[in-house]
Amino acid sequence: MTDLRSFVLRSLDEMPDHERSWEALRRQCDGTVHSSYYLNRAWLQAFEGSARPRIVVVEEKGSIVGLAPLCSYRYSVKGVPIKVLSLAGDLRGRLRLSTNSILVSPGRPDVLEAMLREIKKLNWSILWTINMGWSPQTEAYVERVRETWLPIERTGQAMVTVPLPAEGDVADGFDRGARKNLRRIMNKLEREGVRVELAEIRREQIDRAVDEYARQHIERWESRGGSYFRNPENVRFLKLATREAYDRGQGYAAELLINGDVAAQYFIYIEGGQAYGERIGMSQRHADRSPGWLIMYHVMGELRSRRVHHLHVGPGTEQYKYAMGGQETILVGIGAIRGAVALLARLPMLSVDRLTGLKEDTGV
């Protein structure tokens, strides 16, 4: 019988020793950048006041063969204390790691079982592991959670990916209406003598750029329910994550300047031929000049020059993503409840959704 060792990392200080083996397993499992060591650590560091690491590790001969990058947090519903164990990067009101996932070495059901035994020992009443990329391993995990505890079934969000044309104008992949609209915008700005340029954000400019992003985000969303960037933890995470990505040669951020003024920004992680760009910001002062379309178009050209062939534009079904040729991938996941919460959820007046308070949250 294989000698597996399982344990839980409960602090940031314990994480660095496992970076190399974590990343080796992620590559084996085709995990996205959102499952990476550095983004999980940046997220847990930024939100350490709200969530605590509970990273389940399964090792074999000193190498990680299974990993569940989890965190724990608490809240209450109608006076009932709720203890949640969720994937890091999935906490309501905070920026997300959209496709963070459990990682299990392919063909190793014994590793999955060891992981579940460790999860079972942790102190939680709700397990919340949604929006994972599909794989045979995540499918097996979902099925085993469904068999082990009282499940909370969740239809995964749609992750939208825009393929970049190998040659020609990057707008060739847009639908007809989007191409026509882009040409109209660009021709109008040219006639008016408006100067438009794309400027890469340098490493030493990241803090300044993120502060400007947050300011513009608050301005844009204040009348529409408020901005996540009122929370300084979200500002901190974007700074930490962007710096970490730059230091690993996997970061790219740019500003669209209109007559020298910052009209839009885009923060992206790049890994191989894949780019992950969910944080795009726009200035209200330039809203009539469609800075979102302009920065998308110019950044896509820059990414292609860096040998990127797919731009993942994040979860959510905004129409502009499909107008650019976006293609859907449905994410998978499941929740579970146990203990007193499971008993209360069976009462007629308390639905699971009402009791848990857990809802899809896109991290706008």
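Among the residues of region 16-62, which ones are more than 24 Å from residue 234 (Cα to Cα), buried (at least 17 other Cβ atoms within 10 Å of the Cβ) and either at pLDDT below 95 or not polar (S, T, N, Q) (or both)?
The answer is 18, 22, 25, 26, 29, 56, 57, 58, 59, 60.
Can you work out which of the residues in region 63-85 that are small (Gly, Ala, Ser) and out of contact with any Lys or Arg (no Cβ under 9 Å at 6 or more places or on another chain) is farthest from residue 235 (Cα to Cα)?
By that ranking, first place goes to 63.
When the residues of region 197-214 are filtered to those that are in contact with a helix residue (DSSP H, G or I) (Cβ under 6 Å, 6 or more places away or on another chain) and not in a loop (DSSP other than H, G, I, E, B), which remaining residue is farthest from residue 288 (Cα to Cα)?
The extreme case among them is 203.
Inspect region 235-256 for any residue being of a type outside the set (Asp, Glu), in contact with a Pro (Cβ under 9 Å, 6 or more places away or on another chain) and crowded, with 18+ Cβ neighbours inside 10 Å and give the result as yes or no.
Among the residues of region 235-256, at least one is of a type outside the set (Asp, Glu), in contact with a Pro (Cβ under 9 Å, 6 or more places away or on another chain) and crowded, with 18+ Cβ neighbours inside 10 Å, which makes the answer yes.
Out of (1) of a type in the set (D, E, K, R); (2) surrounded by 14 or more Cβ atoms within 10 Å (Cβ to Cβ); (3) touching a strand residue (DSSP E or B) at 6+ places or on another chain (Cβ under 6 Å); (4) at pLDDT 95 or above, the odd one out for residue 154 is which?
Residue 154 satisfies all of (1) of a type in the set (D, E, K, R); (2) surrounded by 14 or more Cβ atoms within 10 Å (Cβ to Cβ); (3) touching a strand residue (DSSP E or B) at 6+ places or on another chain (Cβ under 6 Å); (4) at pLDDT 95 or above except (4).
Checking the conditions here, which among 110, 90 is acidic (Asp, Glu), modelled with pLDDT under 95 and either outside any strand (DSSP E or B) or crowded, with 21+ Cβ neighbours inside 10 Å (or both)?
90
Restricting the search to region 69-96, which residues are in contact (Cβ under 8 Å) with a residue 60 or more places away in the chain, under 17 Å from residue 336 (Cα atoms) and of a type in the set (Gly, Ala, Ser)?
If the condition is that a residue be in contact (Cβ under 8 Å) with a residue 60 or more places away in the chain, under 17 Å from residue 336 (Cα atoms) and of a type in the set (Gly, Ala, Ser), then no residue fits.
Take the residues of region 66-83 that are surrounded by 23 or more Cβ atoms within 10 Å (Cβ to Cβ) and of a type in the set (A, V, I, L, M): which is nearest to residue 125 (Cα to Cα)?
If we take residues in region 66-83 being surrounded by 23 or more Cβ atoms within 10 Å (Cβ to Cβ) and of a type in the set (A, V, I, L, M), then 70 is nearest to residue 125 (Cα to Cα).
Out of all the residues in region 305-321, which are surrounded by fewer than 18 Cβ atoms within 10 Å (Cβ to Cβ) and either assigned to a strand (DSSP E or B) or more than 17 Å from the chain's Cα centre (by Cα) (or both)?
Hits for region 305-321 are 305, 306, 307, 309, 310, 319, 320.
Report whether or not residue 338 is at pLDDT 95 or above and either in contact with a Pro (Cβ under 9 Å, 6 or more places away or on another chain) or more than 24 Å from residue 180 (Cβ to Cβ) (or both).
no
Condition (residue is in a strand (DSSP E or B), in contact (Cβ under 8 Å) with a residue 12 or more places away in the chain, of a type in the set (Val, Ile, Thr) and under 30 Å from residue 133 (Cα atoms)) applied to region 255-271: is it met by at least one residue?
Yes, region 255-271 has at least one match.
Show the residue pairs that are 6+ apart or on different chains and have beta-carbon atoms under 7 Å apart, the first residue being within region 109-127 and under 17 Å from residue 29 (Cα atoms), the second being surrounded by fewer than 20 Cβ atoms within 10 Å (Cβ to Cβ) and among the charged types (D, E, K, R).
Once the first residue is under 17 Å from residue 29 (Cα atoms) and sits in region 109-127, its partners that are surrounded by fewer than 20 Cβ atoms within 10 Å (Cβ to Cβ) and among the charged types (D, E, K, R) give 112/144.
Filtering region 178-195 down to residues that are over 21 Å from residue 320 (Cα atoms) and of a type outside the set (Lys, Arg), which residue is surrounded by the most Cβ atoms within 10 Å (Cβ to Cβ)?
194
The values are calculated or read from the model by the stated rules, or taken from the named source; none is laboratory data. All values derive from a computational prediction rather than experimental measurement. Cβ atoms come from the backbone with ideal geometry, glycine included; neighbour counts cover every protein chain shown.
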